[in-house]
Amino acid sequence: MQMDTMIGIIGGSGLYDIEGLEGAKWVTVETPWGEPSDQVFTGTLDGVKMAFLPRHGRGHVQTPSSINYRANIDALKRIGVTDVISVSACGSFREEMAPGDFVIVDQFIDRTFAREKSFFGPGCVGHVSIAHPTCPRLSAACAEAARAEGITVHMGGTYLAMEGPQFSTLAESKMYREVWGADVIGMTNMPEAKLAREAELDYASVAMITDYDSWHPDHGEVDINQIIKTLFGNADKARGMVKRLPALLGATRDICEHGCDRALEFAILTAPEARDPAMVAKLDAVAGRVL
């Protein structure tokens, strides 16, 4: 069964400034989970529908902890997004993953603690598998698009999601790198990836390396000025990558061979007669297919 592709990009405020985007407009999306980070910028690029959501809001007004992740994912699913690509600034725990490089993340360690992490709860209990939290098909397309832009790409990596907003201590940085084996560190991909899976959305994570965190003996603590400088350069690269995605993903797509878009097939445990109608109503966009 084929469906129309709609690519959803979650990232910085400048990612939607892409030449050739047709019919571009800001759309207000209401969700039962509250307000998303911002309006959604929609349009069509090379015949493929696109949606851009500034993760921190225009002007960077939301902290990693105050972002309404549930509303963001619900809003994208509600307007028809099929494929979500997260683009975010990250620190690196690996010498070879240098500032300016992109890492296509395929695993996560979730160290966040101050965020709502599921659409499900009392009245409608659901458990999805996130053993493999990103979509290989979508990840491969991001890697191909980035390489075509001349970006150094590392395929595969473990993302340590910390609560923030402070950066790591040296002890934490060394533990994450040497003991836990993480490759990059950031503050925003969790619970985003978990919620995308609950909403049956294909999800890929592109980590744009800005610094070496605090473990590197030649770099010391994180330098926010250097991060911002690298961030601007990475934003230009990210726009180039995004511009190439429609040609790679196409205007229509098949059912995901990895099952990302059928994650709820056997996930809901609450018996139909015991489900809370109010909770079911809130789940209309993310879980309507199975409810």
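The values are calculated or read from the model by the stated rules, or taken from the named source; none is laboratory data. Because the structure is predicted, anything quoted here is derived from the model rather than measured. Heads up, the Cβs are rebuilt from the backbone with ideal geometry, glycines too, and the neighbour counts pull from every protein chain shown.
Being outside any helix (DSSP H, G or I), modelled with pLDDT of 75 or more and more than 17 Å from Thr44 (Cβ to Cβ) is the filter here, so list the residues in the range 221-254 that pass it.
Asp254
Whether any residue in the range 16-28 is hydrophobic (A, V, I, L, M, F, W, C), under 18 Å from Ala141 (Cβ atoms), in contact with a Phe, Trp or Tyr (Cβ under 9 Å, 6 or more places away or on another chain) and assigned to a loop (DSSP other than H, G, I, E, B) is what I want to check.
So far as the range 16-28 goes, yes, one or more of its residues are hydrophobic (A, V, I, L, M, F, W, C), under 18 Å from Ala141 (Cβ atoms), in contact with a Phe, Trp or Tyr (Cβ under 9 Å, 6 or more places away or on another chain) and assigned to a loop (DSSP other than H, G, I, E, B).
Residues of the range 12-56 being at pLDDT below 95 and among the small types (Gly, Ala, Ser), which ones?
Matches in the range 12-56: Gly12, Ser13, Gly14, Gly20.
Being exposed (fewer than 15 other Cβ atoms within 10 Å of the Cβ) and in contact (Cβ under 8 Å) with a residue 12 or more places away in the chain is the filter here, so list the residues in the range 259-273 that pass it.
Matches in the range 259-273: Arg262, Glu265, Leu269.
How about the range 143-220: which strands (runs of 3 or more DSSP E) wholly inside it have at least 1 residues that are touching a Ser or Thr at 6+ places or on another chain (Cβ under 7 Å), small (Gly, Ala, Ser) and within 26 Å of Asn72 (Cα to Cα)?
Those strands (runs of 3 or more DSSP E) span 158-161, 184-186, 202-211.
Working only within the range 42-66, note down all residues that are under 21 Å from Ala235 (Cα atoms) and either among the hydroxyl-bearing types (Ser, Thr, Tyr) or crowded, with 22+ Cβ neighbours inside 10 Å (or both).
Thr42, Thr44, Met50, Ala51, Phe52, Leu53, Pro54, Arg55, Thr63, Pro64
So that you can scan it fast, the table gives a plain yes or no per residue for (1) in contact with a Cys (Cβ under 9 Å, 6 or more places away or on another chain); (2) over 24 Å from Cys260 (Cα atoms); (3) without any contact (Cβ under 8 Å) to a residue 60 or more places away in the chain:
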{"residue": "Glu35", "(1), (2), (3)": "no, yes, yes"}
{"residue": "Arg55", "(1), (2), (3)": "no, no, no"}
{"residue": "Asn68", "(1), (2), (3)": "no, no, yes"}
{"residue": "Asn72", "(1), (2), (3)": "no, no, no"}
{"residue": "Arg78", "(1), (2), (3)": "no, no, no"}
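Which is surrounded by fewer than 16 Cβ atoms within 10 Å (Cβ to Cβ) and of a type in the set (Gly, Ala, Ser), of Gly8, Gly12, Gly80?
Gly80
Test of understanding: among Ala171, Ala204, Ala196, which residue is touching a helix residue (DSSP H, G or I) at 6+ places or on another chain (Cβ under 7 Å) and within 21 Å of Phe113 (Cβ to Cβ)?
Ala196
Taking the condition exposed (fewer than 15 other Cβ atoms within 10 Å of the Cβ), within 21 Å of Met162 (Cα to Cα) and over 19 Å from the mean Cα position of the chain (by Cα), does Glu95 pass?
yes
If you scan the range 76-118, which residues turn out to be assigned to a strand (DSSP E or B), touching a Ser or Thr at 6+ places or on another chain (Cβ under 8 Å) and among the polar types (S, T, N, Q)?
Within the range 76-118, Ser86, Ser88, Gln107 qualify.
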